[in-house]
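Reading through the structure tokens given below for one structure.
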């Protein structure tokens, strides 16, 4: 008895022309929607005005004179038209001040070529930090530059500097007690490791309405910047300083 012959396989049916057109139409429609949304997003970004940094005060006063690390007399009037960063520093500080100086050195390397940028490190201990002391400290760490002044008082008295820093930038400092100094006589001052940003018109510009200063080592943020890296706002103010007056 012979085996039945298997039926021949049915030939592949080509997709209908209508199905192909429908698939192509869907692909094109999706492409149009994606492109439209992308262009709309770009336009929205372009139309959103950049939020200006808050202003909380001005640098209204100056000391009669300052001395920098080279013994040159300085006045803040010389910084008119420049964006500058201010911080405290003293050369016998056992740890924190050197860290702040290193962060300022990073800013120097990034923005130092801009003639509208400047750095100020103000000695908290003018009684000890005479120009030659500061110069030796800086040379040992390879810090400094023409647009980075390390300032002390001409008369070797620091009270006026400390009062000025508190009044102008609200950065206070407290001398440690004799008991505290027993542990380390060089570690004389308690102060916050912070920076202040001033624009080209002498306005104190702050990261938020509630924050006067920038913290390069905030313990709540894994000892990173708070509320954000100051470099971002330096770039904004430098760009702002180059805009024509309205």
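Anything in the range 202-246 that is in contact (Cβ under 8 Å) with a residue 40 or more places away in the chain, in contact with a strand residue (DSSP E or B) (Cβ under 7 Å, 6 or more places away or on another chain) and either buried (at least 18 other Cβ atoms within 10 Å of the Cβ) or part of a loop (DSSP other than H, G, I, E, B) (or both)? List them, or say none.
If the condition is that a residue be in contact (Cβ under 8 Å) with a residue 40 or more places away in the chain, in contact with a strand residue (DSSP E or B) (Cβ under 7 Å, 6 or more places away or on another chain) and either buried (at least 18 other Cβ atoms within 10 Å of the Cβ) or part of a loop (DSSP other than H, G, I, E, B) (or both), then 202, 204, 205, 206, 207, 212, 213, 216, 230, 233, 234, 237 are the ones that fit.
If you check 138, 151, which single one turns out to be under 16 Å from residue 71 (Cβ atoms), touching a residue at least 12 places away in the same chain (Cβ under 8 Å), part of a helix (DSSP H, G or I) and touching a strand residue (DSSP E or B) at 6+ places or on another chain (Cβ under 7 Å)?
138
Does residue 79 satisfy being buried (at least 19 other Cβ atoms within 10 Å of the Cβ), out of contact with any helix residue (DSSP H, G or I) (no Cβ under 8 Å at 6 or more places or on another chain) and closer than 27 Å to residue 200 by Cα?
Yes; evaluated as a whole, the condition is true for this residue.
Of the residues in the range 93-126, how many are surrounded by fewer than 18 Cβ atoms within 10 Å (Cβ to Cβ), touching a strand residue (DSSP E or B) at 6+ places or on another chain (Cβ under 9 Å) and in a loop (DSSP other than H, G, I, E, B)?
Of the residues in that region, 3 qualify.
Testing residue 144 on (1) in contact (Cβ under 8 Å) with a residue 60 or more places away in the chain; (2) in contact with a helix residue (DSSP H, G or I) (Cβ under 9 Å, 6 or more places away or on another chain); (3) surrounded by fewer than 22 Cβ atoms within 10 Å (Cβ to Cβ), one condition comes back false. Which one is that?
Here residue 144 meets the rest and fails (3).
Bear in mind these aren't lab numbers, they're just calculated from the coordinates by the rules spelled out. The structure presented is a predicted model; accordingly, all values stated were derived computationally and were not measured. So basically every Cβ, Gly included, is an ideal-geometry build from the backbone, and we count neighbours across all protein chains shown.
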